[in-house]
Every structure is written in C-alpha cells, then in structure tokens.
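These notes are about the structure you will find just below.
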Amino acid sequence: MSKLAAVVLSFIKNRWPDRISYLSSEECSFISRSVPEGTKVNSSLVKLNYNVLSPFPAPETVYLASDTKILLWFLRPRPDQTGGGRIVLPEGLLLAKGYLADTSDAVLICRKESQSEFIIVKNGTLVSQFVKLDHNQEMSSALLALLCREHSLVSPDVQQIDDVERSGLLSRGLTRLSLKEISGFWLSGIKGNYEFLELAGKLLPAILLVILLYSSIQIGGAWFYKQKITSSRQTLESLQVELDPLLKQRHMEEKEVDFWSTFIENETNTLSLVAAYQLVAEAVLAVDGELIRWNGVKNSVTFMVLLDDAALLMNTLRQDARLLSVRFDGAVRKDRKTDRERATFRLELGAVSMLRKDE
C-alpha cells in the first residue's frame, strides 16, 4: 500500500469505523471479465455494461480494473445496510494479494465451520472465489481437477488456511493495495468515485501535519532535521503524482455534468444529450453491445460501440423519430480481441416533436 493509502485508511478507520467494511465471499457474487483495449473503466461504465450480470436486483458493485481485465464484486442486499459513502474491501482479493508475491497458480481453502471458502489464483491474479458446503475434510481430487480445467491452472499450490493464517493474509493483502485500487471500492449513492478523492483531498493537511510532527519528534540535530524534511518533500511529490490521474478524471466528470446541466436548461426544445445518452444506452443493451466511447456536442452525437451486428443497431436507431439522421462514421471493423464488430455512429438530434427526415 502506498503511504498515502495507508494513512487515509487508518485515519478513516479511527475516525469513522462504520465507513470501512470487509466483504466476505458469502456476501457477494464475484466475476472477472476481459475489457476491450483502450476502454476507460469507471463506475458509469460498470453500471451500464456489467450490472446486468449480477444475480441480485439493483446491485451495489465494487470493482478493480486493469488494462485488459476487470474484477467485479456484486454485493448481496442487506436490510441493515446504512446509506452514505463507504469503502468496501473484498476479502478474496486481500487473501490473494496477501498469499502471493510472484505469478504462480494457487487454490486457497479457508475452513469456516460447516463450509469452505475457495480462493482461486492464476498467474498471481484472483480469477474466482466461492463458498462450498463441507462434506469432506479434504478437497476431493475431482473438484481440484475441475478447478484446474475450468481456470487452466498449472500445478497449483493447494493450501488449507486456518483462522490465524487467514487473518495474517488479510492484513498483508491490505498493505499491498494502492490508492487507485481503493478508489474502485468506494460506494456512494450520489457522487460516485470522486467522493473518495474529495475526502483524501480534505485529509491532506492533516497528513502533512502528521508527517511533520513525526519528523520533529525524531530530530536529534540540525542535520537530521534537514534530512527528514527532504525525505518528506519527496514523499509528497510522489503522492501528488499518484493522485494526479484521479483528480483529472474527477475534473473531467464535473465538466461533463456542468455541460449537460447547461444544455438541458438552454435547449429545452431539442432532444437533450442526457436523453440521447439514455436512448443510445438502451439500444446498445438491446443488441447485447458494449458502449466504448461517447461524445456529444450541441445537436450532434458520436459514439463507438462493440457488438455482433452493427447493421441491427443502425436499424433500431433509425426507427426513433427524435433522431434527424443516423449514419456510420467510418468503416465497420472487426475487433481482433473479441471477434466482434467495432463501429462508430453519428447521430443528429432533432426537436422532441420533430419527425426524422428521410435520408
């Protein structure tokens, strides 16, 4: 864990203990999926493309995304769950991070009274976690063979983990989380992921004060004091580098929200960009597509989508009378990774009561 992430989590846990919780395998449903190259993953994209995969209605979702893969945990609804922002840390991920320091395959088995928790790791990455009722004290060879075949495991390290070892793995896994990873575990009903950044920003003065006080207490002379100040400055610079991408993302999201709010207020006679986004999102979902990129300016919208049949989506959109025109913006190409069609569409928006012109 980066120093800033460690300080932020410790501060929140001490000040607001109910704002940090651990997510067990019994309380969630876990899946992992590949993502198309160049896809920018955020909470809006997760809700649009992945929440339909949840076995629970209206799920809350935490996620961890890399360049090529996304890990998702759908939370089981709980009547006693309180509202407000909170950080939810998946125990399966912490166990995988705490156990492995290399890129090996492993099957971790944690006994819990009459059931067992299975954590499956391939090449150092969590690929599955589930709970199974215990009928035997030892994992059967048939189950191990099934797991190896399903996840292409190569000579996995099978470990039985007791409660003491499990607690140690959770603590060690927590120290290997970065601030960027923790941002995907922030849940809020209103502002989304950047509420966590606001909280981190408000805590920066307190963090600086803690670092300076700690340095002052440890001073034994003028030379040592100078060295500690230099070290603190370098730490702050590295923290700023880590925060910059997340702060930029927040700034872009705020600009987009401001633009849409102004547009709705000033252009009430024309189909709004918000309504156009909803229209496109519903059409993309209807053809089992994935919305990759979106851009709306005044009465024109362009978006890129990954799907099986671009012509089917074209016909669906052309049936909506609120669109003046619907056309491809460039050639339809095959995506090499998914073998699906990658297409860019351009829409011209008309008045809400206006019929679409024949093309």
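How much length is gained if the chain between Arg293 and Thr175 is pulled fully straight, taking 0.36 nm per residue apart and subtracting their Cα-Cα distance, in nm to one decimal?
Working: separation 118, 0.36 × 118 = 42.48 nm, distance 3.45 nm.
Net length gain for the segment: 39.0 nm.
Here Gln249 and Ser114 are evaluated by their C-beta separation; at R0 = 51 Å the FRET efficiency comes out at 0.70.
If you take the beta carbon distance between Ser261 and Tyr22 as r and set R0 to 35 Å, what does 1/(1 + (r/R0)^6) give as a FRET efficiency, to the nearest 0.05? Each step should come with its number before you reach the end.
Numbers: r = 37 Å, r/R0 = 1.07.
E between Ser261 and Tyr22, to the nearest 0.05, is 0.40.
Full extension of the segment from Phe11 to Asp163, taken as 0.36 nm per residue of separation minus the current Cα-Cα distance, would add 52.1 nm. Here is the tail figure for region 13-97: Cα pairs spaced more than 15 Å apart come to 61 percent of all pairs. Modelled this way, with points 7 Å down the Cα-to-C-beta line, the labels at Glu282 and Glu37 are 3.6 nm from one another. A simple spin-label model places pseudo-atoms 7 Å from Cα toward Cβ; at Gln319 and Gln234 they are separated by 6.4 nm.
When the trypsin sites (Lys or Arg not before Pro) in region 17-74 are filtered for DSSP coil states and for at most 14 other beta-carbon atoms within 10 Å of their beta-carbon, the remaining sites are Lys40.
Tell me the relative contact order for region 273-349 as a rounded percent, counting alpha carbon contacts under 8 Å between residues six or more apart. Numbers along the way, then the final one.
Numbers: 134 pairs, mean separation 23.4, N = 77.
Dividing the mean separation by the residue count of region 273-349 yields 30 percent.
Since every read-out is calculated from the coordinates, none of them should be taken as a lab result. Just so you know, these numbers come straight off a predicted model, no measurement behind them. Note that each Cβ is placed from the backbone with ideal geometry, even for glycine, and that neighbours are counted across all protein chains shown.
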